[in-house]
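Colleague: Have a look at this one before I ask anything.
Coordinate-derived values only; no laboratory data. Source: prediction; values computed, not measured. In this analysis, Cβ positions are derived from the backbone assuming ideal geometry, glycine residues included, and neighbour counts consider all displayed protein chains.
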Amino acid sequence: MRTQIGIVGAGPAGLLLAHLLHLQGIESVIVEVRSRHYIEHRIRAGVLEQGTVDMMIETGVGERLKREGLVHHGIHMRFNRREHRINLYELTGGKAITIYAQQEVVKDLISARLAAGGQIFFEAKDVSVDGFNGTTPSMRFSADGKTHELTCDFIAGCDGFRGVCRPSIPAGVLTFFDRTYPFAWLGILVQAPPSSDELIYAHSERGFALLSMRSTEIGRLYMQVPADADLKDYPDDRVWRELHARFAIDGDWKLTEGPVLQKNLAPMRSFVAEPMQYGRLYLAGDAAHIVPATGAKGLNLAAADVRLLSQALADYYSSGGTRLLEQYSQRCLRRVWKAQRFSWWMTTMLHRFDTDNAFDQRRQVAELDYLTGSQAAMKSLAENYVGLPWD
């Protein structure tokens with residue numbers, strides 16, 4: 001087989017890249033190790049920046065997003081049993097965030113890709129990439145009972161943190177920057193109307209908690225737990241007791257309970273690989289960087305990466321220019337590191353650390369107090385939260 005761009009991974013990065021390339025008349029083939037059902041039902045992130053929403057709508061894959069997405073103009077910070085709203089919309093000149101689950105983004109992109117005649121190999125096995133340090137990159141894999149070799153001009157590694165692309169780059173080429181946080185998030189999906197029409201970030205003496213949602217009938221809640229936590233130690237009644245305690249506020253607000261549809265643990269870490277390219281292999285999304293979920297940046301960074309990569313490839317095929325391809329990593333990493341800084345700041349401001357002493361705890365509260373009392377500080381958070389400029 002032969003195509004222009006070989007894409008490893010059918011997550012948001014790979015699918016969006018294929019869609020953007022298609023709009024430029026550039027062919028691609030996607031190879032994915034998971035089943036279509038798995039990636040369309042895997043519960044992941046759900047907060048889309050304004051720029052991500054705008055790009056999906058402008059490129060023709062945002063119709064269901066416009067119908068079903070929940071537009072939020074603010075977020076709430078809760079500490080010392082009091083709540084403070086940060087008006088994202090007013091502080092950013094009319095920008096907002098939209099709650100629309102990652103698996104719904106994936107469904108929309110898969111439908112668009114297949115409707116356009118695009119090729120996606122699901123449940124591929126023994127995937128490998130080769131030749132990307134020369135002029136004839138190739139991908140090998142097994143699918144549908146056959147062994148395939150795909151030759152291409154470029155390879156896009158959109159296969160996540162544990163994918164094959166990044167480890168295929170020779171040792172010593174990449175530099176890794178890593179931070180593992182001493183806690184995890186326990187998340188539950190709940191069949192109940194959310195207890196707030198906007199996200200609530202809660203700082204408490206018992207640890208962090210977040211109230212989010214997936215629809216007007218499905219809630220998504222998280223709470224900080226030890227990094228080595230075991231789900232069997234957190235039956236539903238214990239989870240609800242903790243959430244009630246962490247969201248406690250003076251007044252008549254009440255946390256609505258409901259049947260727990262799903263429960264999971266997610267480690268908290270920061271990771272960046274530099275550079276995000278080697279030869280004709282380009283990394284995007286989680287293959288190149290991971291951010292703690294506190295800042296809601298993971299999917300949005302993936303979208304920003306592939307936007308730049310699609311522009312660079314379009315320039316190459318239209319004019320033969322390589323400048324944008326050569327600058328891909330540098331351009332991406334400027335935004336990546338700003339998102340890492342913001343996610344780190346949100347995480348350290350809101351979570352309890354075992355190493356914190358009384359001074360650290362008072363300092364945290366003072367920072368939250370300053371944030372919610374300063375227009376300048378709230379504007380800084382709002383600008384980052386709704387999404388920094390693409391370039």
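Colleague: Given the C-alpha centroids of region 199-271 and region 100-142, what is the distance between them in whole angstrom?
Modeller: When both Cα centres are located, 34 Å separates them.
Colleague: Between Lys338 and Leu70, what is the FRET efficiency for a Förster distance of 22 Å, r being their Cβ-Cβ separation, to the nearest 0.05? Provide the component values of the computation, followed by the final result.
Modeller: Details: r = 26 Å, r/R0 = 1.17.
Once rounded, the FRET efficiency stands at 0.30.
Colleague: In what order do His19, His289 fall by count of nearby beta-carbon atoms within 10 Å, going from fewest to most? Walk me through the intermediate numbers first.
Modeller: On the way: His19 23, His289 28.
The order, fewest Cβ neighbours first, is His19, His289.
Colleague: Rounded to whole Å and sorted largest first, list the principal axis extents of the Cα atoms in region 1-94.
Modeller: Taking the Cα atoms of region 1-94, the three principal extents are 61, 29, 21 Å.
Colleague: Take the Cα pairs of region 238-365, get the Kirkwood Rh, then feed it into Stokes-Einstein at 37 °C and 0.692 mPa s and tell me D in µm²/s.
Modeller: Numbers: Rh = 18.0 Å.
Rounded to a whole number, D works out at 183 µm²/s.
Colleague: Okay, next question. Arranged by the count of other C-beta atoms within 10 angstrom, fewest first, what order do Asp237, Asp369, Asp153 take?
Modeller: Working: Asp237 9, Asp369 15, Asp153 18.
So the ranking, lowest neighbour count to highest, is Asp237, Asp369, Asp153.
Colleague: Compactness ratio of region 21-173: Cα Rg over 2.2 N^0.38 Å, N = residue count? Display every interim value, and only then the final one.
Modeller: Working: Rg = 19.8 Å, N = 153, 2.2 N^0.38 = 14.9 Å.
Output field value: 1.33.
Colleague: Let me ask something additional. Taking the Cβ of each residue in Lys146, Lys379 as the centre, tally the other Cβ atoms inside 10 Å and list the residues starting with the fewest. Could the numbers behind the result be given before it?
Modeller: Values: Lys146 7, Lys379 16.
Listing Lys146, Lys379 from fewest to most nearby Cβ atoms yields Lys146, Lys379.
Colleague: Something else about it: Going by alpha carbons, how many degrees (0 to 90, nearest 10) lie between the helix axis of 236-246 and the longest principal axis of the chain?
Modeller: With rounding to tens, the tilt is 70 degrees.
Colleague: Take every DSSP beta bridge with both residues inside the chain and express the antiparallel ones as a percent of the total, to the nearest 5.
Modeller: Working: 55 of 73 bridges.
Given both bridge residues lie in the chain, the antiparallel proportion sits at roughly 75 percent.
Colleague: Where does the longest stretch of the chain lie that holds no chymotrypsin sites (Phe, Trp or Tyr not before Pro) found in a DSSP loop with 16 or fewer other Cβ atoms within 10 Å? Walk me through the numbers before you get to the answer.
Modeller: On the way: sites that count: Phe161, Trp253, Phe353, Trp390.
For chymotrypsin sites (Phe, Trp or Tyr not before Pro) (loop position, at most 16 other Cβ atoms within 10 Å), the longest site-free span of the chain is 1-160.
Colleague: May I ask you to work out the translational diffusion coefficient for the chain at 37 °C, viscosity 0.692 mPa s, via Stokes-Einstein with Rh from the Kirkwood sum over Cα pairs, reported in whole µm²/s?
Modeller: Values: Rh = 21.9 Å.
Translational diffusion coefficient: 150 µm²/s.
Colleague: Also, I was wondering about something else. Treat region 77-159 as a sphere of radius equal to its Kirkwood radius over Cα pairs and apply Stokes-Einstein at 10 °C in a medium of 1.306 mPa s; give the translational diffusion coefficient in µm²/s, rounded to a whole number.
Modeller: Numbers: Rh = 17.4 Å.
Rounded, D is 91 µm²/s.
Colleague: Here's another thing I want to ask about it. Expressed as an acute angle from 0 to 90° and rounded to the nearest 10, what is the orientation of the C-alpha long axis of helix 102-115 relative to the principal long axis of the chain?
Modeller: Orientation of helix 102-115: about 30 degrees from the principal axis.
Colleague: Taking only DSSP H segments of four or more residues, each worth -39500 (n - 2.57), what value at 222 nm results for the chain once the sum is divided by all its residues, to the nearest 500 deg cm²/dmol? List each step's numbers first, then the result.
Modeller: On the way: 12 runs with 144 residues, N = 391.
So the helix-based figure for the chain works out to -11500 deg cm²/dmol.
Colleague: Can you figure out the FRET efficiency of Glu63 with Asn357, using R₀ = 41 Å and their beta-carbon distance, to the nearest 0.05?
Modeller: Working: r = 53 Å, r/R0 = 1.28.
The pair Glu63/Asn357 has a calculated efficiency of 0.20.
Colleague: So, one more: Could you quote the convex hull projected area for region 168-240, Cα atoms only and averaged over all directions, in nm²? Mind dumping the intermediate values first?
Modeller: Working: hull surface 32.0 nm².
Taking a quarter of the hull surface, the average projection is 8.0 nm².
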